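Participant: Please see the structure below; I have some questions.
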Amino acid sequence: MLKETFAERLKTAMDLQGKKQVDLIRIASQQGVKLGKSHISQYVNGKTLPRGDILHFLAETLQVEEEWLMGKENQTNQTRGERKMREFKKSSKLDNVLYDVRGPVVDEAERMEDAGMQILKLNIGNPAPFGFKTPDEVIYDMRRQLTDCEGYSSAKGLFSARKAIMQYAQLKKIPNLSIEDIYTGNGVSELINLSMSALLDNGDEILIPSPDYPLWTACATLAGGKAVHYICDEQSEWYPDMEDIKKKITDRTKAIVIINPNNPTGALYPREVLQQIVDIAREHQLIIFSDEIYDRLVMDGEEHVSIASLAPDLFCVTFSGLSKSHMIAGFRIGWMILSGNKRIAKDYIEGLKMLSNMRLCSNVPAQSIVQTALGGHQSVNDYILPGGRIYEQREFIYKQLLDIPGISCVKPKAAFYIFPKMDIKRFHILDDEKFALDLLQEKKILIVHGGGFNWHQPDHFRIVYLPRIEVLKEASEKMKDFFSYYHQ
Ligand code: PLP
């Protein structure tokens, strides 16, 4: 009976695929599968059943399920001898890639919003929705130039934009650079991806901070590299732990990434700390990648130092852009600057050029306002001084968080993030993503858990303090209540 059913189903599948016995014999021989004329005719005539490997071959070739061929009644139409639906899976290159800033907790928040709930969003560093306006002059100048921006620019970007970036870099004392060393990108994001893809071979290691801005780890991993996380130490103002960095360097370490000012901690690295990183990079011949997108959002009269200015003999790549300082994250404009000892990176620079050419150019209307944005009055300065929104919001959220029993935090000096610590014994927190979901579901507050920043203890979360004080007040009061009873 089974032989007959098998024969019937085999014939149905062959008909549906338009394949005859000779076709199966030919395909089998091409694939090195032993399938003779007499075998196939015995199967078709219900005289015998195939061995497992032949069954597998027939099912694959005829795009049906093995179980169905063997007589099992199937639940789905797809396998009733009809053509099996091909499924499309994501590339395995993405298996270890994490980007939780827009991850599952955010999906749940969207679901809740769709159901009509209002969510307090403290999760994403996007200034515009919080009422931070782009300077008028930037909009005016973009409008005026729009009709001149219809074509592609050169791959690295418009001369005027790169000249302005070069002058900015000169003010930051970044050494040995010409206009050819400046590449514009669709945000720093695109350039992080490009710089990692051009550098890393499978298994190459790169030192990345923990906590980090997770795009660095994601892009290094996607490029085939191994992101090795060095600890930033909360006890020391979240500065990189030099001993940990040294311990983690191997023969395969090619580079070190620093994020300064830092997302998610809000730390700003002083010159002495940067000097120690340069010394380590010098000793081990590492490239330095420095993400400085928040360099114009520094408070308390502190000065931002570009690490490249301390390393004229090393090869450095410095990243910045206008998303944060000019509140135009949506326009997508960032840049990277190659500096220092470019001789040792000649071949890598060829790779950067290739990838930059392949994407033709970055968004040209956004490039057209770089000169305007970087010159003249910097309206961002009004936000970061006492009385300014970012400064006052930082003061407020810091004070509010310290007032919550079981919560501690280092006061941020730059950017617009704070990374509080939870007493996980007190709250019995074992899973920080679950904590983020619980906070969302119970208090309708959306934050990002520490794990989203490659922080490996379940004891931190990040708050974006861009919302106005009234909103921060409501959020922090709700959090205080939440932490008064929360226990995982
Ligand atoms: N680097 C850091 C440290 C960031 O926090 C962000 C955005 O949040 C980016 C890069 C991406 O910036 P862009 O908008 O230029 O792609």
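Participant: Could you compute Rg(Cα) / (2.2 N^0.38 Å) for segment 278-431, with N its residue count?
Facilitator: Computed over Cα atoms of segment 278-431, the ratio equals 1.32.
Participant: What ranking, highest mean first, results for peptides 219-225, 255-261, 199-205 when packing means the other Cβ atoms within 10 Å averaged over each residue?
Facilitator: Going from most to least packed, we get 255-261, 219-225, 199-205.
Participant: To continue, here is another question. Which value results for Rg/Rh of segment 137-374 when Rg is the Cα radius of gyration and Rh the Kirkwood radius based on the inverse mean 1/r?
Facilitator: Looking at segment 137-374, the ratio lands at 0.95.
Participant: Would you compute, from DSSP H runs of 4+ residues alone, the mean residue ellipticity of the chain at 222 nm, taking -39500 (n - 2.57) per run and dividing by the full residue count, rounded to the nearest 500?
Facilitator: -12000 deg cm²/dmol
Participant: Now for a separate question. Between ARG359 and ASP438, with labels modelled 7 Å along Cα→Cβ, what's the label distance in nm to one decimal, could you check?
Facilitator: Distance between the two pseudo-spin positions: 4.0 nm.
Participant: Still on this structure, please answer the following. Using a Förster radius of 60 Å, what is the FRET efficiency between ARG102 and LYS47 based on their Cβ-Cβ separation? Nearest 0.05, please.
Facilitator: About 0.55, to the nearest 0.05.
Participant: Another question about this same structure. Could you pull out the pairs from LYS173/LYS421; LYS353/LYS413; LYS121/LYS480; LYS226/LYS342; LYS246/LYS324 whose alpha carbons sit more than 28 Å apart here?
Facilitator: LYS173/LYS421; LYS353/LYS413; LYS246/LYS324
Participant: Here's another thing I want to ask about it. Report the dimensions of segment 2-79 along its three principal axes from the alpha-carbon atoms, largest first, rounded to Å.
Facilitator: 33, 23, 21
Participant: Continuing with the same structure: With r as the distance between the Cβ atoms of HIS56 and ARG271 and R0 = 45 Å, compute the FRET efficiency 1/(1 + (r/R0)^6) and round to 0.05.
Facilitator: Plugging the Cβ-Cβ distance into 1/(1 + (r/R0)^6) gives 0.10.
Participant: In whole Å, how far is the Cα centre of segment 359-397 from that of segment 145-187?
Facilitator: For segment 359-397 versus segment 145-187, the Cα centre distance is 17 Å.
Participant: Based on the mean of other beta carbon atoms within 10 Å per residue, what is the order of 262-269, 319-326, most packed first?
Facilitator: For the peptides 262-269, 319-326, the packing ranking is 262-269, 319-326.
Participant: For labels at GLU302 and ASP279 in the simple 7 Å Cα→Cβ model, what's the distance in nm?
Facilitator: Each label point is offset 7 Å from its Cα along the Cβ direction, giving 2.1 nm.
Participant: Which angle from 0 to 90°, rounded to the nearest 10, does the C-alpha axis of helix 159-171 make with the longest principal axis of the chain?
Facilitator: The answer is roughly 50 degrees.
Participant: Can you give me the C-alpha center-to-center distance between segment 249-298 and segment 322-353, rounded to a whole angstrom?
Facilitator: 16 Å
Participant: If the chain between ASN341 and GLU4 were fully stretched, how many nm would it gain, using 0.36 nm times the residue separation less the Cα-Cα distance?
Facilitator: 113.8 nm is the gain from fully extending ASN341 to GLU4.
Participant: Give the relative contact order (percent, whole number) for segment 2-79; include only Cα pairs under 8 Å separated by 6+ residues.
Facilitator: Across segment 2-79, relative contact order equals 42 percent.
Participant: What's the magnitude of the charge dipole for segment 397-438 around its Cα centre, counting Lys and Arg as +1 and Asp and Glu as -1 at the beta-carbon? Answer in Debye, nearest 20.
Facilitator: Roughly 300 debye, rounded to the nearest 20.
Participant: Helix 432-443 versus the longest principal axis of the chain: what is the Cα-based angle in degrees, 0 to 90, to the nearest 10?
Facilitator: 80 degrees
Participant: Okay, moving on. Taking Rh as the Kirkwood radius computed over C-alpha pairs, what is the Stokes-Einstein D of segment 435-485 at 10 °C in a medium of viscosity 1.306 mPa s, expressed in µm² per second?
Facilitator: Answer, rounded: 137 µm²/s.
Participant: Note down the relative contact order for the chain as a percent, whole number, built from C-alpha pairs under 8 angstrom at least six residues apart.
Facilitator: 18 percent
Participant: How long are the semi-axes of the equivalent ellipsoid of segment 273-345, defined as square roots of 5 times the Cα gyration tensor eigenvalues? Whole Å, largest first.
Facilitator: 25, 16, 8
Participant: Oh, and also: Enter the mean projected area of the convex hull around the alpha-carbon atoms of segment 360-399, in nm², rounded to one decimal.
Facilitator: 4.4 nm²
Participant: Something else about it: Find the Cα radius of gyration of segment 335-418, compare it with 2.2 N^0.38 Å by division, and give the number to two decimals.
Facilitator: 1.74
Participant: Once the principal axes of the Cα atoms of segment 176-239 are found, what is the range along each, listed largest first in whole angstroms?
Facilitator: If we take the Cα atoms of segment 176-239, the spans are 41, 28, 23 Å.
Participant: What area, in nm² and to one decimal, does the C-alpha convex hull of segment 403-488 cast on average over all directions?
Facilitator: Hull-based average projected area comes out at 5.4 nm².
Participant: Now, a different point. Full extension from MET85 to ILE25: what is 0.36 nm times the residue separation minus their Cα-Cα distance, to one decimal in nm?
Facilitator: So the extension gain works out to 19.2 nm.
Participant: Moving on to the next point. Wrap a convex hull around the Cα atoms of segment 315-358, take a quarter of its surface area, and give that in square nanometres.
Facilitator: 3.7 nm²
Participant: Please work out the ratio of the alpha-carbon Rg of the chain to 2.2 N^0.38 Å and round it to two decimals.
Facilitator: Ratio of Cα Rg to 2.2 N^0.38 Å: 1.24.
Participant: Could you give log10 I(q)/I(0) at q = 0.11, 0.12, 0.17, 0.23 Å⁻¹ for segment 194-325, computed by the Debye formula over C-alpha point scatterers of equal weight, without solvent?
Facilitator: Debye curve over Cα of segment 194-325, log10 I(q)/I(0) at q = 0.11, 0.12, 0.17, 0.23 Å⁻¹: -0.34, -0.41, -0.86, -1.63.
Only the coordinates and a few stated rules stand behind these numbers; no lab work does. Note that this is a predicted model, so its numbers are computed, not measured. Note that each Cβ is placed from the backbone with ideal geometry, even for glycine, and that neighbours are counted across all protein chains shown.
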